[in-house]
Amino acid sequence: MGIFAKIAAGEIPSYKCAENDEFYAFLDINPLVKGHTLVIPRREVDYIFDMEDDELARFEVFAKKVAVAIKAAFPCVKVGQAVLGLEVPHAHIHLIPMQSEKDMNFANPKLGLPAEEMQEIADKIYQEFSK
Ligand code: 5GP
């Protein structure tokens, strides 16, 4: 099993932001901004555009709910969405609360946040998602 499938299965710890039977959301370990979240299918699939139409549609609807929760927890202009997948071969959507387009630049230095703060951020998003 790959690292993200293990995270979704709870075999590797993560800062959980949201979940359902099929999908899981957790904080990116090297966030560009506070609230930078990854959304993944629990099942292992590398390339997002290899997903069947129905699954991809459900994935995006789940990501939308997570984005709404992120925006409520971390007021921003909009939540940006990006798909790269160059590092980890398990489909994932980056959700990033943006104040400006600069926040979507993956070449920016990453925030090194203490574990306590990461937990607080994830809990805030999880609470909003659960409302
Ligand atoms: P990508 O595959 O989209 O190019 O980049 C993978 C993203 O996953 C990066 O932003 C990286 O910080 C994040 N990442 C890689 N390994 C882990 C991990 O073990 N835990 C978490 N929470 N994030 C990870």
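Scoring N108 on the criteria (1) touching a residue at least 24 places away in the same chain (Cβ under 8 Å); (2) within 28 Å of M1 (Cα to Cα); (3) loosely packed, with under 14 Cβ neighbours inside 10 Å leaves a single failure, condition (2).
The residue pairs whose first member lies in the stretch 72-83 and is under 13 Å from L32 (Cα atoms) and β-branched (V, I, T), whose second member is within 16 Å of the ligand (Cβ to nearest atom) and modelled with pLDDT of 95 or more, and whose beta carbons are closer than 6 Å, counting only pairs six or more residues apart or on different chains, are V79/I70; V79/L95; V79/P97.
Per the listing A8, A57, A25, A69, the residue uniquely within 12 Å of the chain's Cα centre (by Cα), over 13 Å from I121 (Cβ atoms) and at pLDDT 95 or above is A8.
Can we say F74 is in contact with a helix residue (DSSP H, G or I) (Cβ under 6 Å, 6 or more places away or on another chain) and more than 15 Å from the ligand (Cβ to nearest atom)? No; evaluated as a whole, the condition is false for this residue. Looking at the structure I just gave you, is E52 surrounded by fewer than 20 Cβ atoms within 10 Å (Cβ to Cβ), within 14 Å of the ligand (Cβ to nearest atom), free of Cβ contacts under 8 Å to residues at least 12 places away in the same chain and more than 20 Å from S130 (Cβ to Cβ)? So E52 fails the test. Reported count of residues in the stretch 15-28, each being surrounded by fewer than 23 Cβ atoms within 10 Å (Cβ to Cβ), free of Cβ contacts under 8 Å to residues at least 40 places away in the same chain and either touching a Gly at 6+ places or on another chain (Cβ under 9 Å) or within 22 Å of K110 (Cβ to Cβ) (or both), is 0.
The values are calculated or read from the model by the stated rules, or taken from the named source; none is laboratory data. Only a predicted model underlies this, so the values are computations on that prediction, with no experimental measurement involved. Backbone-built Cβ (ideal geometry, glycine too); neighbour counts: all protein chains shown.
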